[in-house]
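Here the structure comes first, spelled out in structure tokens, and everything after it is commentary.
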Amino acid sequence: MALNRKVGFFKGLKYKGGGPMWAWILHRTSGLAMVTFVGLHIIAGFLTQQFGSEAGIAINTIYENEIFQLAFFFLVIFHAVNGLRVVVLDLATPLLEYQREAIWLEWLIIIALYSLVIFSVLHDVMMG
Amino acid sequence: MTSRKVAKRGFNLDYVMWLFMRLSALAMYVVGLTGLTAALVMGARTQTDLGTLIRWTFFQNPNHVFSSDIVLLDNFINQFWQITQITMVFFGVTHGLNGLRIVVEDFMGSTIWRTLWRGFIFFAWIFMTLVAVYVVLAS
């Protein structure tokens, strides 16, 4: 019997995939977010550099917003560290057995790096 | 009932891009850490804030350090950093748009939308790479 690939949204929500599932979902969404914003940043950089355009400057001010920075850095750091986990587990296949442990380790690294970002952003907010 | 067609094993686009995603990720780590280490050696520890250092780590563009108190700007603006920027642009844009391609291939059936998406992604890849390299060479 073939696998049923037509799974509805709410039925999909009930799937209990745990850590690896959330890592997969976050990796995809963070990747799409990064493609969007890095793409916009390239366009904005080009417009600002070549024409001094208001639109380019307006787009780049989004990147100076502290809430945007906190959200975006989480996505970037997660994507980078999770990607490293995928690369390591793909290349060293015997380690695949410890996939769940790898995800715990991954979150520890993310928390350490991300708290540095939180400190830096909040420091900028408070010190002006 | 016919089962889904599975791509042939071996040397094909999916295999090459699978490998590329992993290698480009490692390459971007190398470029980023090179920028970070070099910046710290060149005085960034006392002459920039953390935000500037992070911007520089991700992309070694002169515009990313102009707002800081760097003394020897020449160390930060030269052809070596243009090469690392172009490397980062190539790997970053290709990695990102191939990621978009993987998502599209996963969720689109064989419809006209998939063809349109593939075309869009291909032209976006060429366009973004050229625009970004132009910005690097002109800044």
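Inspect all residues belonging to segment B:74-89 and state whether any of them is aliphatic (A, V, I, L, M), open to solvent by 20 Å² or more (accessible area, probe 1.4 Å) and in contact with an Asp or Glu (Cβ under 9 Å, 6 or more places away or on another chain). No - not one qualifying residue is present in segment B:74-89. For segment A:2-21, the criterion of being closer than 21 Å to B:Gly96 by Cβ and open to solvent by less than 50 Å² (accessible area, probe 1.4 Å) is satisfied by no residue at all.
For segment B:95-116, a tally of residues being open to solvent by less than 70 Å² (accessible area, probe 1.4 Å) and within 14 Å of chain A (Cβ to nearest Cβ) returns 13. Take the conditions (1) free of Cβ contacts under 8 Å to residues at least 40 places away in the same chain; (2) open to solvent by 70 Å² or more (accessible area, probe 1.4 Å); B:Gly119 misses just one of them, which is (2). Candidates B:Gln47, B:Gln79, B:Gln60: the one that is of a type outside the set (Val, Ile, Thr), in contact with a Gly (Cβ under 6 Å, 6 or more places away or on another chain) and more than 24 Å from A:Leu32 (Cβ to Cβ) is B:Gln60. Looking across B:Ile86, B:Ile77, B:Ile54, B:Ile70, one residue alone is part of a helix (DSSP H, G or I), of a type in the set (A, V, I, L, M, F, W, C) and in contact (Cβ under 8 Å) with a residue 12 or more places away in the chain. It is B:Ile86.
Residues of segment A:39-84 that are open to solvent by 50 Å² or more (accessible area, probe 1.4 Å) and more than 20 Å from B:Gly96 (Cβ to Cβ): A:Gln49, A:Gln50, A:Phe51, A:Glu54, A:Ala55, A:Ile57, A:Ala58, A:Thr61, A:Glu64, A:Asn65, A:Glu66, A:Ile67. Within segment A:85-101, the residues that satisfy the criterion of being surrounded by 12 or more Cβ atoms within 10 Å (Cβ to Cβ) and in contact with a Leu (Cβ under 6 Å, 6 or more places away or on another chain) are A:Leu89, A:Leu95.
A:Gly45 fulfils the conditions (1) in contact (Cβ under 8 Å) with a residue 12 or more places away in the chain; (2) more than 13 Å from every other protein chain (Cβ to nearest Cβ); (3) closer than 23 Å to B:Val135 by Cβ except for a single criterion, (2).
Here's the yes/no breakdown for (1) acidic (Asp, Glu); (2) surrounded by fewer than 19 Cβ atoms within 10 Å (Cβ to Cβ); (3) away from chain A (no Cβ under 14 Å); (4) under 19 Å from the mean Cα position of the chain (by Cα):
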| position | (1), (2), (3), (4) |
| --- | --- |
| B:Ala38 | no, yes, yes, no |
| B:Gly51 | no, yes, no, no |
| B:Gln60 | no, no, no, yes |
| B:Asn63 | no, yes, no, yes |
| B:Ile70 | no, no, yes, no |
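Can we say B:Met28 is in contact (Cβ under 8 Å) with a residue 60 or more places away in the chain, under 18 Å from the mean Cα position of the chain (by Cα), in a helix (DSSP H, G or I) and within 13 Å of another protein chain (Cβ to nearest Cβ)? So B:Met28 passes the test. Taking the listed residues A:Ala71, A:Ala80, A:Ala55, the one that is in a helix (DSSP H, G or I), closer than 15 Å to A:Leu116 by Cα and either without any contact (Cβ under 8 Å) to a residue 24 or more places away in the chain or among the charged types (D, E, K, R) (or both) is A:Ala71, with no other qualifying.
Answer with yes or no whether A:Thr36 is closer than 30 Å to A:Met126 by Cα, of a type in the set (Val, Ile, Thr) and within 13 Å of the chain's Cα centre (by Cα).
On the way: closer than 30 Å to A:Met126 by Cα: yes; of a type in the set (Val, Ile, Thr): yes; within 13 Å of the chain's Cα centre (by Cα): yes.
Yes, satisfied.
The values are calculated or read from the model by the stated rules, or taken from the named source; none is laboratory data. Since the model is a prediction, treat every value here as computed from it, not as a measurement. Counting neighbours? That spans all protein chains shown, and the Cβs are built from the backbone with ideal geometry, glycine included. Note: accessible area is taken over every heavy atom of the protein model, side chains too, but ligands, DNA and RNA are not part of it. Shrake-Rupley method; radii C 1.70, N 1.55, O 1.52, S 1.80 Å.
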